[in-house]
Amino acid sequence: MRRAGSSFGPQERLHLSTPGPTAQPAGLRKDTSMERLWGVLQRVQRWSPRPSQTIYKLVEGTQQGRLEEEEEDGEEGAEPPSHFCPMELRGPEPLGSRPARQSLGLWAAGRRAAPYLVLTALLIFTGAFLLGYVTFRGSCQACGDDVLVVSEDVNSELGLDSHQGTLYWSDLQAMFLRLLGEGRLEDTIRQTSHRERVAGSAGMAALAQDIRAALLREKLDHVWMDTHYVGLQFPDRAHPNTLHWVDAATGRPGEQLPLEDPDVYCPYSATGNATGELVYAHYGRPEDLQDLRARGVEPAGRLLLVRLGLISFAQKVASAQDFGAQGVLIYPDPADFSQDPHKLSLSSHRAVYGHVHLGTGDPYTPGFPSFNQTQFPPVQSSGLPSIPAQPISADIASLLLKKFEGPVAPKEWQGYLPVSPYRLGPGPGLHLGVNNHRTSTPISNIFGCIEGRSEPDHYVVIGAQRDAWGPGAAKSAVGTAILLELVRTFSSMGYLSVLHLKAVVYVSLDNAVLGDDKFHAKTSPLLISLIENVLKQARVDSPNRSGQTLYEQVVFSNHSWEAEVIRPLPMESSAYSFTAFAGVPAVEFSFVEDGLVYPFLHTKDDTYENLHRVLRGRLPAVALAVAQLAGQLLIRLSHDRLLPLDFGRYGDVVLKHIGSLNEFSGDLKARGLTLQWVYSARGDYIRAAEKLRKEIYSSEESDERLTRMYNVRIMRVEFYFLSQYVSPADSPFRHIFLGHGDHTLTALLDHVRLLRSGGPGALGATSSHVAPGFQESRFRRQLALLTWTLQGAANALSGDVWNIDNNF
C-alpha cells in the first residue's frame, strides 16, 4: 500500500510525537489558593494594625506560567482593599505595662473571639480547598480538559518556552475548527482523482514528489520517503485472462466468453488453468459453502460463482480453496446496490477489482519490509491462494446462471439478475485461464513527522492510501485530501510543540466518504469509549441534517449509539492490518449510504464526478466532517495525560463469546472436556484491568515516570493479544479476537459448533482441506493457544509478565 503524506507513525503514514507542557497551570492555581489561605492566617496571627496582602502575577520570560509573589505593604492610613478585612488580636501584655483590669478585659475579649476566628479560618480553608479542587479537576483525564500553555498567535514560531496564555480542550477545538478549511478539500479530491495513480507508474512517482513538497512547505520536523521494491501482479496484455465453455463431447475448451475489460483482474491470484462445472455459492462464506454441501451440491472439484460483498475477495477465495474448489468467479449482483432509478448504479457490464492475498504487505517477503528482496530467502506468504480467481460482470454472470440446473437456491440467495430463479447448479463446464504476471515494482511511502519533547518514542499514526486502480476518487483521493488538510491545519496551529503524546494508535482515512446517510467507525474495542466521548464533545455538524450535530444524528436513528456506529474492522481495511497483524489499536471512519454500498468502489467508474453526483453536491461537507472528527480524535490522544484507551473492554468481548461457548458445555463435558481454562484466563484479565485502574486512581498525578509506565502498559494491551505461539509467516493475523486462523476465539467457537452440526469446516481454518468434523486434538490445541495468549495479556496488563498462574 502506498500512503500519502502525513504519516503520524511507521510505514507510509504521518506520525505525531509531541511533548508535554512546560508548566502545570492547574497545579499552580491550586497552590495559589493554598498560599493565599496561608498568607491570611499568617497576617491574622501577626497582630499587625497595618493591612498587607500577597499579590501573585504571571511573569513573562523564560519560566512561563511561574507566579511571582510580591509583598505590598500599604502606606499608613491607606484604605485596605475591599476584599481584605484586617484583624487585630492582642494577647496579654507584660505586667506593669497596662492596668491589670484592662489586661484581663482584653484577654477575655480575645478568648471570646477565638471561636469566631477558628470558624472564619475553617470557612476560608473550605472555600480555598473547593477552589483548588475545581481547578485541579480541570486537568484530569476523565474531564479531558488538561491545561496547556501556548502562544495565542497561531502564526508565530513557537518555542518550547514561549507560551503566553492558557489553552483548554475547548480552546484547542475552536482553533482547530477555525483553521480547518472545506474549500481545499474539494479541490484536492478533484485534482488527485484526475491523476494517474497506478502503483509503480510515472504518474504515481510524480504525485509522490508533489505530496512530499506539500509536506515540506508545512515545515514539519521531518519529511522523508522510503522506496520499497514489492512483487505486484499485473494482467499480461499479450496473454489476457480468458473464460471458455467446455465442450461436453471432448472435455476441451470451446467457445470463449467475452470478458469486457481485460484490465480487471484479481491481484495475487494463482496463475494457470482451472476446469470444472460451475456452482452458485452465494457470497462464498464458509457457512454458504457448508449450506451448499448440505443441499447436496458438492463444491469440491468445481468452479464457484460468488457474489461481491460481506467479506473480502481474499476470504472468498480462501474459503473456496478450503472446500476443495478449483477456481472462483466473482460478480456484482444488482441486489447489493441501490434499486432507486434516481440514484446512480453500477453498469451491468462492469467488473469489480479486488486482490486475493489473505495477508498484509508484500506476499513475497512475508513478515519483512521489501527494501531489498535479495536479503531474504525466496519464500511466499501462506495467504497466497493456490487456485485462480477472476472478476466478471453482472452480464456474464447472467449468461452463466441461465445455464444452471439442480436445486433452486434459497430465497435469501436470490438476486436481481434477469434470471429466475437462481439455481445452485451444477452448470455447464467452464475453463478459466489466468495469466497475470509478477513484476518487481518500486513504490514510495511518504512520511511527515511532528516531533515531540515528551515521550518522543510514542506515536499517533494517521494515514491514507495514495494509489488506486482506476480514478479511485472514493477509494483514496478523499483520504489523501483529508490527510493533507489535517497536516496543514496542525502545522498552522503550532500547539503540537507543547503537547505530550502517549500512544500508538492508527487512524485510517481510506474509504472515508462512500455516502452521507450513516456514520460508521470500524475499530478496535479499545477505542470505542474514546470515540463516544469525542462524538459527544466534538463540534462536528451533521453533513446532511441541518441544525444537528453528528452525535445527535446518530442517537436520533438509534438510542444505542454503539449499535448504530461501531463496526468490526473488516479484513479489506488498511486499519485491519495495524490491529490484527501489528497489535496497534486502529479505527477507520466512513460515511455510507443507508443499507447500500457505494457502487463504484474498485472500478473505473470511481471518479470525482460520480462521487459528487452520488452525494448530491455534499462531498465537501462530508469530507470536512471526517476531517473534523479525525482531527479532534488526534487532539484527545495527544491531550490526555493518560491514554484514553478502555483496556477493560476486552473483558466484555471475551464474556460475549463465552456466552456462546456455554451453549456447548454439556456436549464438551460428555467428552470429558472443559472450557475452564478460558474462564480462568478471562477472570485474571478482568482482575488485572481493575488492579491497574486502582493503581492509576491512587497514584500521584505529577509523577511523570509512573505515568509513562502506566501508558506503556495500556498501549501494549492490543499487542499482547497477538498469539506468540503461531508464526507470522503462516498466520499473519495473529490477534486472538480480530485475527484469522485456528488460534482465534472465533475459530474455537466455530469448531465447537461442529459438536452438534457434525458438518465440515470452520471459519478460522487455515489448512488446505476442510476438517471432517469435531476433533478433540484440534480442540485442545485451540484452547491452549487461546488461553495462554489471554493469560499472557492479563499478566502484562498487571505488570507481572513472569507469573503464569497469576491470582490478582
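We did not get these values from a lab; they are worked out from the coordinates using the rules stated. Fair warning: this is a prediction, and the values are worked out from it, not measured in the lab. Neighbour counts run over all protein chains shown; Cβ positions are idealised from the backbone, glycine included.
Might you report the magnitude of the Cβ-based charge dipole of the stretch 400-550 about its Cα centre, with Lys and Arg at +1 and Asp and Glu at -1, to the nearest 20 debye?
Numbers: 15 positive and 12 negative charges, 83 e Å.
Around 400 debye, computed over the stretch 400-550.
Can you give me the distance in nm between label points at Gln724 and Thr271, each placed 7 Å from the Cα along the Cα-to-Cβ direction?
If labels sit at Gln724 and Thr271, their model points lie 4.1 nm apart.
Quick check on the stretch 634-694: take the gyration tensor over C-alpha atoms, sort the square-rooted eigenvalues as a ≥ b ≥ c, and tell me if it's rounded (a/c under 1.5), prolate or oblate. Mind dumping the intermediate values first?
Values: a/c = 5.77, a/b = 2.81, b/c = 2.05.
Verdict is prolate for the stretch 634-694.
Whole-Hz ³J(HN,Hα) for each residue in the stretch 712-722, computed from phi via Karplus 6.51 cos²θ - 1.76 cosθ + 1.60 with θ = phi - 60°, x for glycine and proline: what do you get?
For the stretch 712-722, the Karplus-derived couplings read 4, 5, 5, 6, 8, 4, 4, 5, 6, 8, 7 Hz, x marking Gly and Pro.
What FRET efficiency comes out for the pair Glu695/Arg649, r = Cβ-Cβ distance, R0 = 22 Å, nearest 0.05? Spell out each step's value before the answer.
Details: r = 18 Å, r/R0 = 0.83.
Calculated transfer efficiency: 0.75.
Counting Lys and Arg as +1 and Asp and Glu as -1, what is the net charge of the other residues whose Cβ lies under 14 Å from the Cβ of Ser731?
Details: positive: Arg734, Arg781; negative: Asp730, Asp742.
Combined, the nearby Lys, Arg, Asp and Glu give 0.
Let me see the pair-distance distribution of the stretch 254-323: every alpha carbon pair, 5 Å bin width, integer percents in order.
That works out to 3, 15, 23, 26, 19, 10, 4, 0, in percent per bin.
What pairs in Lys656/Lys694; Lys403/Lys604; Lys316/Lys403; Lys343/Lys475; Lys316/Lys402; Lys522/Lys669 have C-alpha atoms more than 27 Å from each other? Numbers along the way, then the final one.
On the way: Lys656/Lys694 25 Å; Lys403/Lys604 29 Å; Lys316/Lys403 23 Å; Lys343/Lys475 20 Å; Lys316/Lys402 23 Å; Lys522/Lys669 37 Å.
Result: Lys403/Lys604; Lys522/Lys669 exceed 27 Å.
Measure off 7 Å from each Cα along the Cα-to-Cβ vector at His342 and Glu287, then give the distance between these two points in nanometres to one decimal.
3.5
Given the convex hull over the Cα atoms of the stretch 680-759, what projected area results after averaging over all orientations, in nm²?
7.4
Could you work out how far the C-alpha centroid of the stretch 598-657 sits from that of the stretch 311-369, in angstrom?
Here the two parts' Cα centres lie 23 Å apart.
Given charges of +1 on the Cβ of Lys and Arg and -1 on the Cβ of Asp and Glu, with all other atoms neutral, how large is the dipole of the stretch 664-715 about its Cα centre, in debye to the nearest 20?
Values: 10 positive and 8 negative charges, 68 e Å.
Value, rounded to 20: 320 debye.
Find the centroid of the Cα atoms in the stretch 678-703 and in the stretch 190-247, then give the distance between the two in whole Å.
About 46 Å separates the Cα centre of the stretch 678-703 from the one of the stretch 190-247.
Starting from the amide H of His437, placed 1.01 Å from N in the peptide plane, find each other amide H under 5 Å away whose residue is 5 or more places distant or on another chain.
Here Phe234, Asp236 satisfy the definition.
Taking H placed 1.01 Å from N in the peptide plane, check which residues at least 5 places from Leu257 or on another chain put their amide H under 5 Å from its amide H.
Here the answer is Leu243, His244, Trp245, since their amide H atoms fall under 5 Å of that of Leu257.
What lysines does Lys219 reach when the alpha-carbon gap must be under 20 Å and sequence neighbours fewer than 8 apart in one chain are set aside?
none
Going by amide H atoms built from the backbone, whose H comes under 5 Å of the H on Ile566, apart from near neighbours?
Close amide H contacts, sequence-distant or interchain: Ala521.
Just to check I understand the Karplus step: with θ = phi - 60° and J = 6.51 cos²θ - 1.76 cosθ + 1.60, what whole-Hz values come out for the stretch 556-570, glycine and proline as x?
These are the phi-based 3J(HN,Hα) values: 5, 6, 7, 5, 8, 4, 5, 5, 7, 9, 6, 9, x, 5, x Hz.
Evaluate the stretch 305-396: find the radius of gyration of its Cα atoms, find its Kirkwood radius, and give the ratio Rg to Rh. Don't skip to the answer; put the middle values down first.
Numbers: Rg = 16.8 Å, Rh = 15.2 Å.
Radius of gyration relative to Kirkwood radius: 1.10.
Using the Karplus curve 6.51 cos²θ - 1.76 cosθ + 1.60 with θ = phi - 60°, what ³J(HN,Hα) values do you get for each residue of the stretch 778-792, in whole Hz, with x for Gly and Pro?
5, 4, 4, 5, 4, 4, 5, 4, 5, 5, 5, 5, 5, 5, x
Give the shape of the stretch 513-630 as rounded, prolate or oblate, defined through the alpha-carbon gyration tensor: a ≥ b ≥ c are the square roots of its eigenvalues, a/c under 1.5 means rounded, and otherwise the shape is prolate if a/b is larger than b/c and oblate if not.
Details: a/c = 1.89, a/b = 1.10, b/c = 1.73.
Here the stretch 513-630 falls in the oblate category.
Could you compute the FRET efficiency for Val712 and His222, with r as their C-beta to C-beta distance and R0 at 22 Å, rounded to 0.05? Please list the in-between numbers first.
Numbers: r = 24 Å, r/R0 = 1.07.
In this case the efficiency is close to 0.40.
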